[in-house]
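The values are calculated or read from the model by the stated rules, or taken from the named source; none is laboratory data. Bear in mind the structure is a predicted one, so any value in this text is a computation, not a measurement. All Cβ positions, glycine included, derive from the backbone under ideal geometry; neighbour counts span all protein chains shown. Remember, those area values only see protein heavy atoms, side chains included, never the ligands or the DNA or RNA. Shrake-Rupley method; radii C 1.70, N 1.55, O 1.52, S 1.80 Å.
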2 protein chains.
Amino acid sequence: MNQQNGAEAMLASLINAGVEICFANPGTSEMQMVAAMDKISGMRPVLVLFEGVASGAADGYGRIADKPAATMLHLGPGLSNAMANLHNARRAHTPMLNLIGDHASSHAQYDAPLASDIVGQANTVCDWVRVAESAEDLARCGVEAVQQSQQGAGQVTSVVVPADFAWTPVNQQCAPLAPPVRETVSDKKIEAIAEQLQDGGNNALMLGGVALRKRGLTAAGRIARKLGIQVFSETFPTRWQRGAGLFQPTPVPYLAELAITTLKGLDKLVLVGAKAPVAFFAYPNLPGQLTDESTELLSLASVDEDLDAALEALAERLGAHQAPEVAQRATPPAPREELCMIGVGAVIAELMPENCIVSEEAVTGSFGFYPMTQGAAPHEVLTVTGGAIGQGLPVAAGAALAAPERKVLCLHGDGGAMYTPQSLWTIARENLDVTIVIYKNNSYSILNLELMRTGASGQAEQARSLLDLSNPIIDWVGLATSMGIPASSANTVADFRHQFADAMAQQGPRLIEAELVEMDLLAAVAAMAKEKS
Amino acid sequence: MNQQNGAEAMLASLINAGVEICFANPGTSEMQMVAAMDKISGMRPVLVLFEGVASGAADGYGRIADKPAATMLHLGPGLSNAMANLHNARRAHTPMLNLIGDHASSHAQYDAPLASDIVGQANTVCDWVRVAESAEDLARCGVEAVQQSQQGAGQVTSVVVPADFAWTPVNQQCAPLAPPVRETVSDKKIEAIAEQLQDGGNNALMLGGVALRKRGLTAAGRIARKLGIQVFSETFPTRWQRGAGLFQPTPVPYLAELAITTLKGLDKLVLVGAKAPVAFFAYPNLPGQLTDESTELLSLASVDEDLDAALEALAERLGAHQAPEVAQRATPPAPREELCMIGVGAVIAELMPENCIVSEEAVTGSFGFYPMTQGAAPHEVLTVTGGAIGQGLPVAAGAALAAPERKVLCLHGDGGAMYTPQSLWTIARENLDVTIVIYKNNSYSILNLELMRTGASGQAEQARSLLDLSNPIIDWVGLATSMGIPASSANTVADFRHQFADAMAQQGPRLIEAELVEMDLLAAVAAMAKEKS
């Protein structure tokens, strides 16, 4: 074997450490890493047309594969473009490894046009950042990043790769490091929580992280059945297994007003991999903390600890042996023939295949999706964990690459989908089995609601114009087709069912524009909340 | 008048300080600023669908208006999306004011999903960052930012706006602050430079910043004529006035190999608002500094000083009274009927109207544009100052809003245009007089060149796949049409001329996809370099 350069040694070491895919938008400073892809086999390069697609796709991949994908980013500006979705990934605790190309170390002195404070930037969105200090150090940094990315629930890591280290010959690669072991919750803690939960009060659990997958849900459901307590789930889960046959926790609603009602009157709330429930935004006349002041918040386990083991130990300690109550298969009908978010939810609930993955950035559309799909075929939902819109499409792409045998649905509001429309091209290029539903209401619909909620009274022309997407109306069929995705549009339940059924019956990319009838969102949400209570 | 809240007082104060336009993509935390737009008149809100469009458009506006536009960004992720084009704007010394919404100060304790280190991020791309400390402080921060944005050549400034300060009532607005005065170069410095330039050596000037507008160019041209010296210009100017009737400096080429040849043999190079010429990227066997080691670098004035006055004083001191030699009207013909970047340049040179603005991100297409348009009607070019691609479209939008009476051309490579395609929607919505030419070669064409230049030898399947945009081929006509822009495609010089002439004869948005024949870039560049020397 010829002597390798730093880029080749790093790439080989990453592959040995289990990294299989790299979402890349390279530039000149990354050319050595690009060239290395041909010399070293085992890494699948996936070209994206914008770095926000790279970070979002790596997030989707990491959530499903439970191991890191790599991204390849072009200096500070490439990192900048990736950052919003890195923020979401960090909030999701997704394992990820960013390879950020930089100028040659010898070039730093010149303050060339693309020079910027890469480390300062990376530190704001990553859990771990390292600048390689030599050509040899590249491989070492890479395998350390792989290890670090699997700390606890998962971490976003970055290695800055100076171009000259990438092209300099080196003598060795770097062996993989042992994956970290997740910390377990002590018996003492479990005993203490068990006692707290049995005090006869109005107590509840709140689940987050991997506790929202089948194993954790089942243990939590056993506890709920035994003690007769409620189980909540965090509002924006990283990966949530739900549908018929699974125990269904009650999500803490996004709308603080509803969340406060939902969590009212609790004596104790035991957090299991979830953070204390707080309002997504502050509002003039609402508290930030969503539980009553009198509610005691306790923690069974942080998101980084072994949640499944902790829940199972707690269930054993409580003698909670009975299987949980689970959601029954049920697909409620659409409420009317005009297409609205509830009708879209009804059709999806009826037709979504078992074990599909749902990348959900439907925003107001989610008010229809979640209630309708409680009894749908079992599926997994990936949500916008950090509130930065524009992740739904790339997360779907990454999830599809992590699980090529599973159907992926991407449910997306039209406003957010315009953040990373370049994702469509990569979905077409890689021929991914992703069906995209665009909830088209030609508006930042959630913001009309928010404009009222913040007490902002101006609802006249100027303010409205900043929330409106109807001038011009975006033609999603044309947009998708321009990037190679077969697409169609529906404005009735029958049309939507027909098109969605067709998409479910086939493999490969597909986009359906769901033209939604205007509806009074507040009224709809209130009606759903009332029906539920 | 009713009592104002912090957002209204800030908005009113900004308007009084001369800010007229705000490029916005607001979210919940910015709703008070949105609502204020209806209560206070004088600020034009322009909705963009992605924050990179906001920052790029504010850059284009600031370059043409010579005063700041505002952007309105949604917390850390909104800032993240804006950052690549903020990097370019900072490198361009564009006056700009970012209003970054943040959680209410009372909400910071909760680490809500959208919380992040906004200041840490902003510091990496802004010259000046301030977090408002109270409702009253908002207006003060705003007017200080306006003042600061006009320091020297111009600065990128940011004010972080906590939501609760925006909704809290305040008692007063804040009066505008006096605009800063640009520092002048001392007589002593001018005298010293004059003596250096007259030593009979092979000396030259290198211009940057406002020295590339007519006044500075004319003075530099007088000096060149008097002393018989060369005048160079920086590779990526912020705003360059050129064409028939103007003195034409020689741009330092992007390709380091050519730049080194261009600058070879100089004894002294006097910088006038330009930085020392350095390679855009480092390459294994090329120096970073582009001038000979023996070339002495001197500075007449930094970009922040009064360049026009300095050049005129120097010309006077040198007795350089004769008008400069200027470019003559000349429009070379296209070299062949198949469409290539040179043919596109030829047609543009022939038909571009006087006084038009060119937002140029043509990348390899620029190798055809600049040589062909030296004798075109006088025009101004805005280039990618910081190397972060994806600014051409939004800069065009901002320039068109700053100068609604002028035709704007946007010349864009297909790869870079996919970074901020959402710009098309805003151009359609605001009905801007922008003609966009997409140089379509279905490739990151420059990177094929760069792959060779870095010495990266792998040119096989994997590496090539990361530079290739042909699978699927992007349909730019469909993409533009989906966002409301009339579009057409051309693959011959005749077709392109017909379509471009039509666009020039009308007002309003238009996109032309220029399907370029494959060409050997290196050979073309070498041929042009040879012809020139």
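For the reader, a short list of remarks on this structure follows.
- Cβ-Cβ FRET estimate between A:SER106 and B:SER470, R0 fixed at 30 Å, reported to 0.05: 0.25
- Degrees between helix A:392-402 axis and first principal axis of chain A (Cα, 0 to 90, nearest 10): 70 degrees
- Over the stretch A:353-480, all Cα pairs binned in 5 Å intervals from 0 give whole-percent P(r) values of 2, 10, 19, 21, 18, 14, 8, 5, 2, 1, listed from short to long.
- Once the partner protein chains are put back, the stretch A:481-503 shows a loss of at least 50 square angstrom of accessible area, versus the chain by itself, at A:SER482 (probe 1.4 Å, ligands and nucleic acids excluded).
- For the stretch B:469-489 and the stretch A:120-151, distance of Cα centres in Å: 39 Å
- Kirkwood Rh, Cα atoms: Rg over Rh of the stretch B:421-519: 1.07
- Angle in degrees between helix B:6-16 and the longest Cα principal axis of chain B, rounded to the nearest 10: 40 degrees
- Cα-projected label distance for B:ALA494 with B:GLU133, points at 7 Å along beta-carbon direction, nm: 7.2 nm
- Heavy-atom surface analysis with a 1.4 Å probe gives the protein assembly as shown a carbon and sulfur content of 48 percent of its accessible area.
- Low-density loop cleavage sites - GluC sites (Glu not before Pro) in the stretch B:96-194, where at most 12 other Cβ are within 10 Å (DSSP): none
- Between the helical axis of A:187-197 and the longest alpha-carbon principal axis of chain A there is an angle of about 30 degrees.
- Shielding score for B:82-91, defined as the mean number of other chain Cβ atoms within 10 Å: 5
- Cα-based values for the stretch B:333-374, radius of gyration first and Dmax second, are 9.9, 29 Å.
- Cα shape, the stretch B:301-376, gyration tensor, a/c 1.5 rule: prolate
- Each of A:GLY201, A:ALA175, A:LEU138 was scored by the projection of its Cα onto the charge dipole of the stretch A:95-248, and the greatest displacement toward the positive side belongs to A:GLY201; charges sit on the C-beta of Lys, Arg, Asp and Glu.
- For B:GLU316 and B:LEU286, the FRET efficiency from 1/(1 + (r/R0)^6), where r spans their Cβ atoms and R0 equals 30 Å, is about 0.15.
- Looking at the stretch B:229-326, the trypsin sites (Lys or Arg not before Pro) that sit in a DSSP loop and have at most 13 other Cβ atoms within 10 Å of their own Cβ are B:LYS264.
- Average projected area [Cα convex hull, chain A], square nanometres: 25.6 nm²
- Set of lysines with alpha-carbon distance to A:LYS226 below 26 Å, sequence-local pairs under 8 removed: A:LYS188, A:LYS189, A:LYS214, A:LYS264, A:LYS268, A:LYS275, A:LYS532
- The alpha carbon centroids of the stretch A:191-246 and the stretch B:295-311 are separated by 69 Å.
- Solvent-accessible area per residue in the protein assembly as shown equals 33 Å², computed with a 1.4 angstrom probe and all protein chains kept.
- Directionally averaged shadow of the stretch A:76-226, computed from the convex hull of its alpha-carbon atoms, nm²: 12.3 nm²
- Seen from every direction in turn and averaged, the convex hull around the alpha carbons of the stretch B:7-133 projects onto 7.3 nm².
- Distance between the stretch A:357-410 and the stretch B:44-78 - C-alpha centres, whole angstrom: 31 Å
- Over chain B: helical MRE at 222 nm, DSSP H runs n ≥ 4 each giving -39500 (n - 2.57), nearest 500: -11500 deg cm²/dmol
- Here the stretch B:118-183 is treated as an ellipsoid with the same Cα gyration tensor; its semi-axes, largest first and in whole Å, are 22, 17, 5.
- For the stretch B:14-81, radius of gyration divided by Kirkwood radius, i.e. Rg to Rh on alpha-carbons: 0.95
- The GluC sites (Glu not before Pro) of the stretch B:259-318 meeting both criteria, a DSSP state outside H, G, I, E and B (loop) and at most 14 other C-beta atoms within 10 angstrom of the site's C-beta, are B:GLU293.
- Buried area at the A:B interface is about 8000 square angstrom, summed over both chains, from accessible surfaces computed with a 1.4 angstrom probe.
- Per residue Cα convex hull volume in Å³ - calculated over the protein assembly as shown: 158 Å³
- Two-site FRET efficiency, A:ALA178 against A:ASP117, from Cβ-Cβ distance with R₀ of 35 Å, rounded to 0.05: 0.60
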